[in-house]
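Contents: one structure, followed by commentary.
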Amino acid sequence: MSDATPSEELVLTFLAEAGEAFVSGEAISDKLGLTRAAVWKHVEALRGQGYRIEAVPARGYRLAEVPDRLGPLELRPLLNTHDVGREIHWYEELGSTSDRAKELADDGAEHGEVVIAEAQTAGRGRRGRVWASPPRRNVTFSVVLRPDLPPGRAPELTLVASIAVCEALRQAGVDAGIKWPNDVLVGGRKIAGILTELAAEPDRVHWVVIGVGVNVNARAEDFPPELRGQATSLLIERGGPAPRALFAVACLTALEEWLDRHAEEGFGAIRAAWRERNVTLGQQVLVQADGRDIRGTAVDLDEQGALLVRDAGGLQRILAGDVTLLRGA
Ligand code: BTN
């Protein structure tokens with residue numbers, strides 16, 4: 001977990017809010033009710049944790065550089081959400097953020113708590129696949145949700161998350177689109193994946209954990225050889241590294257915005273937004289679902305989030321499965 005004390009976090013937040021500007025030691029001590037000596041001590045402690053804080057006589061302090069880390073200390077000053085990220089559980093390394101989030105959810109974690117790791121040793125994808133999570137390259141997090149939804153509607157949240165991640169990627173300057181149900185692609189290659197898990201009774205959801213993995217600064221050699229032609233990252237697409245903390249904040253912010261829209265306007269708004277951003281409809285697809293292969297044209301997303309595919313036998317309704325785009329992706 002992050003090592004900063006609450007007072008160090010206050011000093012850091014104050015400096016982060018000042019942006020490029022210098023703030024005097026006096027202003028910090030007055031505002032935070034600390035002695036000047038205490039401010040200096042906290043600045044030194046923050047420097048020890050990798051923050052570059054300039055100190056110039058008669059001008060004060062300025063936050064010049066933050067470490068490439070996704071802890072609460074880095075994210076909180078940038079995050080302006082009401083629920084998502086209310087608590088950030090940060091780890092240098094975890095097996096899987098979703099496994100940790102599920103444990104926390106079973107122990108009573110609140111709606112919006114986030115587990116984030118710099119590396120995963122057992123990152124999981126959909127259908128039992130492995131999700132590569134090399135240290136400090138990407139953004140991998142899981143969010144605990146406690147939605148007021150019947151279990152049958154929980155899959156809607158997977159589509160909500162795909163729209164949010166697609167939005168954050170578009171804000172980062174890449175032309176991202178969604179492959180049903182929730183893979184996010186750029187130029188036909190996967191840049192982000194979402195894994196949704198839940199615990200429920202027949203009529204009530206206890207919790208939903210949404211796990212999000214986005215390839216941010218992964219290089220081609222960070223992917224397993226067999227995935228290199230199918231995977232991409234922001235770094236590969238933009239030709240240079242992206243600030244991971246800013247990107248993580250953009251994802252969490254977009255997730256909250258789209259969760260709010262889902263809660264307020266229902267699935268209709270999500271369905272419309274998903275259709276606008278998808279790269280599946282109108283394409284020839286191969287769907288592998290329940291041990292059978294369906295080849296046809298993806299024609300629509302229905303009112304429950306199922307994919308409708310027209311094949312030789314008519315209209316097939318797919319609730320879960322893997323889609324391969326056969327051409328035009
Ligand atoms: C997929 O496309 O197959 C889903 C990939 C989901 C990966 C994320 S990374 C954070 C969270 N923790 C995991 O173990 N998996 C998800």
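The values are calculated or read from the model by the stated rules, or taken from the named source; none is laboratory data. Keep in mind that what you see is a predicted model, and the values were worked out from it rather than measured. Quick reminder, even Gly has a Cβ in these numbers, built from the backbone with ideal geometry, and neighbours come from all protein chains shown. These area figures cover heavy atoms from the full protein model, side chains too; ligands, DNA and RNA do not enter into them. Shrake-Rupley method; radii C 1.70, N 1.55, O 1.52, S 1.80 Å.
Working only within the stretch 216-261, note down all residues that are in a helix (DSSP H, G or I) and either open to solvent by 60 Å² or more (accessible area, probe 1.4 Å) or at positive phi (or both). Please lay out each step first, then the result.
Kept after step one, since they are in a helix (DSSP H, G or I), are these residues of the stretch 216-261: 220-222, 225-227, 234-238, 244-261.
Result: E221, P225, E226, L227, I236, E237, R238, L246, E257, R261.
Counting only residues that are modelled with pLDDT of 95 or more, within 13 Å of the ligand (Cβ to nearest atom) and open to solvent by 30 Å² or more (accessible area, probe 1.4 Å), the stretch 104-126 holds 3 of them.
Can you tell me which of A4, A38 is touching a residue at least 12 places away in the same chain (Cβ under 8 Å), open to solvent by less than 40 Å² (accessible area, probe 1.4 Å) and assigned to a loop (DSSP other than H, G, I, E, B)? Sole residue among the options that is touching a residue at least 12 places away in the same chain (Cβ under 8 Å), open to solvent by less than 40 Å² (accessible area, probe 1.4 Å) and assigned to a loop (DSSP other than H, G, I, E, B): A4. Would you point out the residue of the stretch 193-215, among those that are away from the ligand (no atom under 16 Å from the Cβ) and among the hydrophobic types (A, V, I, L, M, F, W, C), that is surrounded by the most Cβ atoms within 10 Å (Cβ to Cβ)? Residue satisfying both the conditions and the ranking: V205. Regarding the stretch 220-239, can at least one residue be identified that is closer than 29 Å to R146 by Cβ and more than 14 Å from the ligand (Cβ to nearest atom)? Looking for residues that are closer than 29 Å to R146 by Cβ and more than 14 Å from the ligand (Cβ to nearest atom), one finds none in the stretch 220-239, hence no. Pairs, please: C-beta under 6 Å, at least 6 apart or cross-chain, first residue hydroxyl-bearing (S, T, Y) and in the stretch 300-329, second surrounded by 13 or more Cβ atoms within 10 Å (Cβ to Cβ)? Short answer, once both residue conditions are applied: T324/L286. When the criteria are applied in full, W180 meets the requirement of being aromatic (F, W, Y), within 13 Å of the ligand (Cβ to nearest atom) and either within 20 Å of Q304 (Cα to Cα) or modelled with pLDDT of 95 or more (or both). Tell me, please, whether a residue that is farther than 20 Å from V249 by Cα, in contact with a strand residue (DSSP E or B) (Cβ under 7 Å, 6 or more places away or on another chain) and within 15 Å of the ligand (Cβ to nearest atom) can be found in the stretch 131-153. Yes; the residues of the stretch 131-153 include at least one that is farther than 20 Å from V249 by Cα, in contact with a strand residue (DSSP E or B) (Cβ under 7 Å, 6 or more places away or on another chain) and within 15 Å of the ligand (Cβ to nearest atom).
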